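Bear in mind these aren't lab numbers, they're just calculated from the coordinates by the rules spelled out. Keep in mind it's a predicted model, so treat the numbers as computed, not measured. In this analysis, Cβ positions are derived from the backbone assuming ideal geometry, glycine residues included, and neighbour counts consider all displayed protein chains.
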Amino acid sequence: MHLALGLGVELDRDAAAFWLAESRRVRGQLQPAPEVKQHATKLKLWKRLADLGDAASQYNLALALQHGIGVPKDDAQAVFWYRKAAEAGDVDAQRQLGALLLKGRLGGDEEAAR
């Protein structure tokens, strides 16, 4: 989003469109990569875009956290990011969040169930 609006960086809509498309292209395709560097690069990108409110990146980050792909498993953080994506209207995140809540895997955050 910052690239698209020129917030704190030089305006570059082409780069913004590329990175947004890349985050969506790899959505849900978190297969173990041959190099840890690939995970680190994807996670860094998803985290940056997730912080900017991109629901697809929030979902990808939550999926990685839930399954411990490239990061230590963290159900509480997974629920946090699934919730953010779900609130933005991401149907997959809504489904995953509901499944975690039904299984009682709130990461110790009982308030998140409400």
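So what are the ³J(HN,Hα) numbers for the range 43-50, from phi and the Karplus equation (6.51, -1.76, 1.60; θ = phi - 60°), rounded to whole Hz, Gly and Pro as x?
In residue order, the calculated couplings are 4, 5, 4, 4, 5, 4, 5, 4 Hz.
Please list 3J(HN,Hα) in residue order for the range 93-102, calculated via the Karplus relation 6.51 cos²θ - 1.76 cosθ + 1.60 where θ = phi - 60°; whole Hz, with x for glycine and proline.
So the Karplus estimates, Gly and Pro as x, are 5, 4, 5, 5, 4, x, 5, 5, 5, 5 Hz.
Neighbouring Cβ atoms within 10 Å as the yardstick, rank LYS42, LYS47, LYS73 fewest first.
LYS73, LYS47, LYS42
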